[in-house]
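Data block below; observations after.
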Amino acid sequence: MHPRWAGRCESCGEWNTILEETVAPRPGPAAKGAGRPVDFVHLDGSAELPPRCPTGIVELDRVLGGGLVPASAILVGGDPGIGKSTLLLQAAAALARTGRRVLYISGEESIEQTRLRARRLGVQDTPLELAAAINLRDIAASLRTPGDTALVVIDSIQTMWLDSIDSAPGTVAQVRACSFELIQLAKAGRFAVVLVGHVTKDGAIAGPRVLEHMVDAVLYFEGDRGHQFRILRGVKNRFGATDEIGVFEMTDRGLAEVANPSALFLAERHGNIAGSAVFAGVEGTRPVLVEVQALLSPNPAGQPRRSVIGWDGGRLPMLLAVLEARGGLRLSATDVYLNVAGGLRVSEPAADLAVAAALVSAATETPTNAGMIYFGEIGLSGEVRQVTQVDARLKEAAKLGFVQATLPRRIARGNRPPVQPNGLELTEIGHISDLVGAFPRE
Ligand code: TYD
Ligand code: MG
């Protein structure tokens, strides 16, 4: 809290990061006895969850946990231009086509612009109801008698404006107040409301992060604008599992669902190149194979560079240190570039072994076996640790024609052996030196 303007934040030391937020004077504390007592109930009783309403876009429904939940609020965040409006117009149109009432309120684009987009997406003939508006008082008036509305899309929450708040659209105060109002309307009218929010790379101060705790589900739409792949990732879901992903491909006619992401992520792989290894990952319930690429370049004089795209940048120095101390690989005078091909962001520790394989392959200038996949976590003493969902990873690898897998050694303690899918030869290793030993020495 700052009572007056300040240029520099005292807690993080950054300049120009403090946002002004005026606090409206509140009516005094409620008079004694003015509240109505709340009802308490027993734990044992009706616990029926409301039926879900699938949008018809399978990749979206999976991330939502099976479809939209009535009377819930969903935040869809992402970089500007990543495809949020496209995704939601497609989803809204698909739902409207099933006969449900769907409202799409655009505060960013005119009716004409949205109609043009609809035409491009081939959804112009759906009975979707479209409006261009930013005044939340007007919007609220139209949502108070929602009829049998199933879904209301607000694109975007940063353009909405409540005249009782004395600040501009997009400020924390406006975003928060407008969201609160819309969420109340959704609960009262039993429809699902989707709030679209732009997130900017530099932290999104006035962005949707402030309302993550207000909504029931938070989905982030990610991707690299240079790539056609888009990943919809669930980061919060009160009604289902998080960490699910939906995979899309941006085409000139909108977003196409990608039913088999592994094939897509591996499509451009060239077999015989040193510094490449295939990681058998799992995103949510879904196995995804991706290529990890490493490039080394000698840098004897300066501070060596470590550059990472698509993986946890903090884990690379740790892995390099382990490879050096426990695997005997010398990488301290070498620039290291690491890339997860295709634009997917991998956060599983299970990727360690694939990253290590790509690094050792690059260091020894020996390609990994083209039919090999890797997964396993690596600890500080060089041990290769167990990871979850071994069967799902192996099955996906076999499905895509891989014939070998390098994975953590099973420990005796009652660990069920992994199912061995047809044609997959398993190499279980317990230490990073086993991995290094599989490549010829320099
Ligand atoms: P958009 O949905 O407007 O992004 P957001 O709402 O997240 O800001 O998507 C904009 C980008 O998508 C733009 O660069 C053009 C591209 N695009 C396509 O490639 N194909 C299409 O069919 C559409 C509608 C957009
Ligand atoms: Mg948009």
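Within the chain, what's the longest run with no chymotrypsin sites (Phe, Trp or Tyr not before Pro) in a DSSP loop and at most 15 other beta-carbon atoms within 10 Å? Give the range, please. Walk me through the numbers on the way to the answer.
Working: sites that count: Trp5, Phe40.
In short, 41-442.
Add -39500 (n - 2.57) for each DSSP H run of 4 or more in the chain, then divide by its residues: what number comes out at 222 nm, to the nearest 500 deg cm²/dmol? Could you put the intermediate results ahead of the total?
On the way: 10 runs with 105 residues, N = 442.
So the helix-based figure for the chain works out to -7000 deg cm²/dmol.
Rounded if a/c is under 1.5, else prolate if a/b is larger than b/c, else oblate: which is region 63-133, with a ≥ b ≥ c the root eigenvalues of its Cα gyration tensor?
Details: a/c = 1.61, a/b = 1.18, b/c = 1.36.
In terms of gyration-tensor shape, oblate.
Dividing the convex hull volume of the Cα atoms of region 187-286 by its residue count, what figure in Å³ per residue is obtained? Numbers along the way, then the final one.
On the way: hull volume 16.2 nm³, N = 100.
So the per-residue Cα hull volume is 162 Å³.
Could you give the length gained on full extension between His270 and Ser332, defined as 0.36 nm per residue of separation minus the Cα-Cα distance, in nm? Intermediate results must be reported in sequence, preceding the final value.
Numbers: separation 62, 0.36 × 62 = 22.32 nm, distance 2.79 nm.
Once the chain is fully extended between His270 and Ser332, it gains 19.5 nm.
State, to one decimal in nm², a quarter of the convex hull surface area for the C-alpha atoms of region 241-284, i.e. the direction-averaged projected area.
Numbers: hull surface 17.7 nm².
With the hull built on Cα positions only, its mean projection is 4.4 nm².
Over the Cα atoms of region 58-259, what Rg and Dmax result, in angstrom?
Radius of gyration, then largest Cα-Cα span, for region 58-259: 15.5, 47 Å.
Quick check: the angle from helix 315-327's long axis to the longest principal axis of the chain, C-alpha only, nearest 10 degrees?
Helix 315-327 and the main axis of the chain meet at about 20 degrees.
Check each of the trypsin sites (Lys or Arg not before Pro) in region 234-298 and keep only those in coil by DSSP with at most 14 other C-beta atoms within 10 angstrom; list them in order.
On the way: sites: Lys236, Arg238, Arg253, Arg269; in loops: Arg238, Arg253, Arg269.
Answer by residue number: Arg238, Arg253.
Counting only protein heavy atoms and using a 1.4 Å probe, what share of the accessible area of the chain belongs to carbon plus sulfur, as a whole percent? Could the numbers behind the result be given before it?
Details: 11740 of 22320 Å².
Here it works out to 53 percent.
Which whole number of Å³ per residue matches the convex hull of the alpha-carbon atoms in region 263-437? Numbers along the way, then the final one.
Details: hull volume 18.8 nm³, N = 175.
Value for region 263-437: 107 Å³ per residue.
So how tilted is helix 111-121 from the main axis of the chain? Cα-based, degrees 0 to 90, rounded to 10.
Tilt of helix 111-121: around 40 degrees.
Lysine pairs in the chain with alpha-carbon atoms under 27 Å apart, 8 or more places apart or on different chains: how many are there? Mind showing how you got there, number by number?
Numbers: Lys84/Lys187; Lys84/Lys201; Lys84/Lys236; Lys187/Lys236; Lys201/Lys236.
Pairs that pass both the separation and distance tests number 5.
Taking just the alpha-carbon atoms of the chain, what radius of gyration and Dmax come out, in angstrom?
Rg then Dmax for the chain, in Å: 25.6, 81.
Below 14 angstrom from the Cβ of Val384, what's the summed charge of the other residues (Lys, Arg +1; Asp, Glu -1)? List each step's numbers first, then the result.
Values: positive: Arg326, Arg385, Arg409, Arg410; negative: Asp352, Glu377, Glu383, Glu428, Asp434.
Net of charged neighbours comes to -1.
Considering only the other residues whose Cβ falls under 13 Å of the Cβ of Leu338, what net charge follows from Lys and Arg at +1 and Asp and Glu at -1?
Details: positive: Arg305, Arg306, Arg315, Arg345; negative: Glu291, Asp312, Asp335, Asp352.
Residues close to Leu338 contribute a combined charge of 0.
Hey, in the GNM for the chain with a 10 angstrom Cα cutoff, which one of Arg36, Arg393, Arg233 fluctuates hardest?
Arg36
Pick out, in residue order, every one of the GluC sites (Glu not before Pro) in region 192-285 that is DSSP loop and has at most 16 other C-beta atoms within 10 Å; say none if there are none. Could the numbers behind the result be given before it?
Details: sites: Glu212, Glu222, Glu244, Glu249, Glu257, Glu268, Glu283; in loops: Glu212, Glu244, Glu268.
Qualifying residues, ordered by number: Glu212, Glu268.
Cβ under 13 Å from Leu95's Cβ, Leu95 left aside: what net charge do those residues give with Lys, Arg +1 and Asp, Glu -1? Don't skip to the answer; put the middle values down first.
Values: positive: Arg52, Arg97, Arg100, Arg101; negative: Asp61, Glu129, Asp148.
Residues near Leu95 contribute +1 overall.
For region 34-83, compute the orientation-averaged projected area of the C-alpha convex hull (one quarter of its surface), in nm².
Working: hull surface 27.8 nm².
Directional mean of the projected Cα hull area for region 34-83 stands at 6.9 nm².
Along its three principal axes, how long is region 97-188 when you only count alpha carbons? Whole Å, largest extent first please.
The principal-axis extents, from largest down, are 40, 28, 16 Å.
The values are calculated or read from the model by the stated rules, or taken from the named source; none is laboratory data. Bear in mind that the values here come from a model prediction, so they are computed numbers and not experimental data. With ideal geometry, Cβ positions are generated from the backbone for all residues, glycine too; neighbour counts draw on all protein chains shown. What goes into the accessible areas is simple: the full protein's heavy atoms, side chains included, and nothing from ligands, DNA or RNA. Shrake-Rupley method; radii C 1.70, N 1.55, O 1.52, S 1.80 Å.
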